[in-house]
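Read the structure below first, then the notes.
The values are calculated or read from the model by the stated rules, or taken from the named source; none is laboratory data. A quick note: this is a predicted structure, and the numbers were derived from the prediction, not measured. Glycine gets a Cβ as well: all are built from the backbone with ideal geometry, and neighbour counts include every protein chain shown.
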């Protein structure tokens, strides 16, 4: 039986940034979430597409230019971007970059959130 947790001490080192092209490697996948690390050479592009699930992009290092529903956004190290399911988006690496993509399971319409209360 596998442990109920996973630790990746260096997401930036999980994948090598290629001299040319784009590499991707799955860091984690289960019924609820899929986490993929991308390495982009400078100038590489993921052309416009959509995802059937909500997604989060985190820039680990490098500079990316994201086009989100037609709006261009600059994203550098530490940037965090949430995208709803079906959002048109594209990615361009301004510099050699590593990006973490988290694809989330879409909650059922009547799903109830439980857990500790949040304090303001």
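Data overview
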quantity	calculated
Count of the stretch 24-40 residues which are surrounded by 15 or more Cβ atoms within 10 Å (Cβ to Cβ) and either in a loop (DSSP other than H, G, I, E, B) or over 17 Å from the mean Cα position of the chain (by Cα) (or both)	0
Single residue of 104, 46, 100, 68 found to be touching a helix residue (DSSP H, G or I) at 6+ places or on another chain (Cβ under 8 Å) and either surrounded by 11 or more Cβ atoms within 10 Å (Cβ to Cβ) or at pLDDT below 95 (or both)	100
Extreme residue, surrounded by the most Cβ atoms within 10 Å (Cβ to Cβ), among residues of the stretch 1-23 that are free of Cβ contacts under 8 Å to residues at least 24 places away in the same chain and not in a loop (DSSP other than H, G, I, E, B)	23
Check on residue 47, more than 13 Å from the chain's Cα centre (by Cα), part of a strand (DSSP E or B) and under 24 Å from residue 69 (Cα atoms)	yes
Residues that are surrounded by fewer than 14 Cβ atoms within 10 Å (Cβ to Cβ) and closer than 17 Å to residue 44 by Cβ, drawn from the stretch 71-92	72, 74, 76
